[in-house]
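Engineer: Handing you this structure, nothing more for now.
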Amino acid sequence: MIFKQFQSYKLIVQGAYQSFKRFPLALLCALFTTVILISIIQFDDPEKHFTLIKLSMTAGLGLPLFIGIVAASESWGWPRKSSLIFQALGLLPLIAYYFSLPPNPSACHTYMVRYILLVITLHFMVAFLPYISGNRSYGFWQYNKSLFLGFLRSALFSAVMYIGLAIALFALKELFGINIPDKRFFQLWVIIAFTFNTWIFVAGIPQKLGELDNPQAYSEILRIFAQYILLPLVGLYLIILYTYEAKIILTWNWPKGWVSQLVSWFSVVGILSMLLLWPLSERTENRWIRIFSRWFFRALVPLIAMLFLVILERVNDYGITVNRYLVLAMAVGLSVLTLYFIFGRKKDIRAIPIIVCLTALLSAYGPWSAFAVSKNSQRARLERYLTQNGILVNNAIVPFQDTLSFENRKDLSAVISYLESWHGPEVFSPWISDSTIKALQDESYRWSRADSITAKFGFAYIPNWRSEENKYQYFSFSIADSMAMPISGYDRFYRFDLHSKDRTNKKNSSFILDADTCFISFCEHPPALNLSLYSGAAGRYESLEIPLTEDISNLGVFRYGAIVDPEQVTFNRSLGGYEVRILIDYIQGSIISDSLTINDLRAFIFLRRINPIL
């Protein structure tokens, strides 16, 4: 019995080795990604995180790339040596991609969305590349069926493995009192998701891909899944969408924007159903499958028309954004696919992943890409707004007269915020100096950049959720991080912190000064810092109040992430026998009309004894 178990484990090890031998670079990418993500979770160092994120993104692209190269070389009958050469050449575009990323890829939405588009491109490339040539539709279907079932199998195994090990770690923590940080559970998920899951998946990819062109028995489980689960969902979506379209025609109300998501899901589920049932369509007893395949794309025509109406109406009103471009690209790709399956003579199912792959790739790069088109569209829209409102004359900012309506300022703020978050501060280079753009790029609070840019155009930033009646405004400011605070001439230093999460515990604090005791408290309404000194020798209290409302209001920094001059937030006072200096290092709060609220505060308090209390 023990020998049999040993043999079973030996077979597992041999299988893992054979998988590594077959997909060496793909599995190395999985291991590399695992180590990088574990390091990101483990070490709290944002500066190093940026480089690690870039490495993990690059390795993540290597996974589908190398799987696709191996599968294609095996399907085309290449020798192993040629496969290894092409895998090695595949490192070149990955290296180029790494160096194309900015120092902080998360600083701009563009890089993350482009990364997702590249992931989609490479995954669908894996689906069709091994069978792109010749009349091999059946082998293509068998291969993708194996990928689909392998994905489900590896996901199930990984979920069971993670849940089991996570419960075991939790039991050790609760029952034996072992200190297991919460980050260990996340790191365990990374190991399971990127190493264990990938290894299980590649182990299930068929080795003799050429033999898949031969007819094989159809899986009854797949037929039941497609016929009794997916097809009813297709019918339900179809009823909802056609009923909604009839409502639009009868009431003449413009379709809602989120209908695009429902059309997308209807298309995905319908196409997946058609693909899963495709081998059965040639059988006489399954004639209904051919009818479904034929009429499914015809049923898509009015839905695609509605999809175009929704997105083009938004584009006409607000210009092209990346999200609208991607919806429009999806509608165009779906239209091409629909026309092909309605009018094409030979309806080859390989066209589906090819069209998806090309749509994603063309949306990611080039002057026609989502990012180039949306940047040009929104920048032209901003320039038009600025010119119409007299802020921009001959492509130069002029002194602003405060005549902009609230709605105009809100619209301008929305365009500026979009351009900054998607395309970076450099998109404003025609109107703002290079030194200002550099300062904005270096600003640590990304969400405050739009505030700074609107200030350069001469008006205050208006968040999209604010109405004219709602004067609610968040703000935060701090002194420069690199500032060295002078401490000469002072005897004692104390740091006072107030946090919104633990205000009850932190509103009052105290510390000992030889025979004296200093008490610090925070008054919420109106905001003020209160210091009290109890003299042990004299047996009496003396108090000092520092109001904050007027000083903060005079700063005019009602936005996030402002940097202020330390002299503006330094207060020099006397208290009893001490000279007191208070420096406000950080404040975060909000203002509603004229009412100021402080949620978080950090103050540095310096004290120097000047004479004893009599």
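Each reported figure results from applying straightforward, stated rules to the coordinates on display, with no laboratory input. The model shown is predicted, which means the values in this text are computed figures rather than measured ones. Cβ coordinates were reconstructed from backbone atoms using ideal geometry, including for glycine residues, and neighbour counts include every protein chain displayed.
Engineer: Using a Förster distance of 45 angstrom, determine the FRET efficiency expected from the C-beta separation of Y318 and L236, and round it to 0.05.
Structural biologist: About 0.90, to the nearest 0.05.
Engineer: Mind sorting V269, V398, V373 by how few other Cβ atoms lie within 10 Å of their own Cβ, fewest first?
Structural biologist: V398, V269, V373
Engineer: Sum -39500 (n - 2.57) across every DSSP H segment of at least 4 residues in the chain, then divide by the residue count to get the 222 nm mean residue ellipticity, nearest 500.
Structural biologist: Estimated from H runs of four or more residues: -18500 deg cm²/dmol.
Engineer: As a footprinting exposure proxy, order K247, K54, K410 by other Cβ within 10 Å, with the fewest listed first.
Structural biologist: Numbers: K247 12, K54 22, K410 18.
The fewest-first ordering by Cβ neighbours comes to K247, K410, K54.
Engineer: Separate question: Tell me the net charge near S417. Cut-off is 10 Å between Cβ atoms, S417 excluded, with +1 for each Lys or Arg and -1 for each Asp or Glu.
Structural biologist: Net local charge, S417 excluded: -1.
Engineer: Follow-up question, since we're still on this one. For the range 289-319, list residues with backbone N below 18 Å from a point placed 7 Å from the Cα of A246 toward its Cβ?
Structural biologist: Counting backbone N atoms under 18 Å from the label point, the list is 299-304, 306.
Engineer: Taking H placed 1.01 Å from N in the peptide plane, check which residues at least 5 places from I479 or on another chain put their amide H under 5 Å from its amide H.
Structural biologist: V564
Engineer: Determine the dipole magnitude for the chain: charges of +1 sit on the beta-carbon of Lys and Arg, -1 on that of Asp and Glu, nothing else is charged, the reference point is the Cα centre, and the result goes in debye to the nearest 20.
Structural biologist: About 3000 debye.
Engineer: So if R0 is 56 Å, what FRET efficiency would A396 and E524 give, r being the distance between their Cβ atoms, rounded to the nearest 0.05?
Structural biologist: E(calc), rounded to 0.05, equals 0.75.
Engineer: From the square roots a ≥ b ≥ c of the eigenvalues of the alpha-carbon gyration tensor of the range 182-244, which class results: rounded (a/c under 1.5), prolate (a/b over b/c), or oblate?
Structural biologist: The shape class here is oblate.
Engineer: For W368, W141, which order do you get if you count the other beta carbons within 10 Å of each Cβ and list the fewest first?
Structural biologist: Values: W368 11, W141 18.
Sorted ascending by nearby Cβ count, the order is W368, W141.
Engineer: Follow-up question, since we're still on this one. Report the one residue of F522, T549, F50 whose Cα lies farthest in the direction of the positive end of the charge dipole of the chain (charges on C-beta: Lys and Arg +1, Asp and Glu -1; origin at the Cα centre).
Structural biologist: Of the candidates, F50 comes out farthest on the positive side.
Engineer: Residue by residue through the range 518-528, which ³J(HN,Hα) values in whole Hz follow from phi under the Karplus form 6.51 cos²θ - 1.76 cosθ + 1.60 (θ = phi - 60°), with glycine and proline marked x?
Structural biologist: Per-residue couplings from phi come out as 10, 10, 10, 9, 10, 9, 7, 10, x, x, 7 Hz.
Engineer: Please give the peptides 130-136, 322-328, 340-346 ranked by average Cβ packing (other Cβ atoms within 10 Å per residue), highest first, as a rough proxy for protection.
Structural biologist: By packing density, highest mean first, the sequence is 322-328, 130-136, 340-346.
Engineer: How far apart, in nm, are the 7 Å Cα→Cβ label points at I85 and L309?
Structural biologist: Once both label points are built, they end up 5.7 nm from each other.
Engineer: Let me ask something additional. Per-residue HN-Hα couplings for the range 292-304, Karplus 6.51 cos²θ - 1.76 cosθ + 1.60 at θ = phi - 60°, whole Hz, x for Gly and Pro?
Structural biologist: Working through the residues one at a time gives 4, 4, 5, 8, 4, 6, 5, 5, 6, 4, x, 6, 5 Hz.
Engineer: Whole-Hz Karplus ³J(HN,Hα) for the range 489-497, in order, using 6.51 cos²θ - 1.76 cosθ + 1.60 and θ = phi - 60°, x for Gly and Pro?
Structural biologist: x, 10, 8, 10, 9, 9, 10, 10, 10
Engineer: Quick one, what does Rg over Rh come out to for the chain if you take C-alpha atoms and the Kirkwood Rh?
Structural biologist: Computed over Cα atoms, the ratio is 1.06.
Engineer: Any idea how far apart I563 and A155 come out in nm if each label point goes 7 Å out from Cα toward Cβ?
Structural biologist: The modelled label-to-label distance comes out at 4.6 nm.
Engineer: A further question follows. Once you've got the Cα coordinates, tell me which of K81/K208; K54/K183; K21/K208; K21/K81 are over 19 Å apart.
Structural biologist: K54/K183
Engineer: Now, a different point. Scan around D516 for amide H atoms under 5 Å from its own, H built in the peptide plane at 1.01 Å from N, and keep only partners 5 or more places away or cross-chain.
Structural biologist: G536
Engineer: Further, regarding this structure: Which Cα, out of Q227, G424, L607, lies furthest along the positive dipole direction of the chain (beta carbon charges, K/R +1, D/E -1)?
Structural biologist: Projecting each Cα onto the dipole axis, the largest value belongs to Q227.
Engineer: If each residue of separation counts as 0.36 nm, what is the full-extension length gain between T436 and N214 once their alpha-carbon separation is subtracted? Before the final figure, lay out the partial values.
Structural biologist: Numbers: separation 222, 0.36 × 222 = 79.92 nm, distance 6.53 nm.
Roughly 73.4 nm would be gained on extension.
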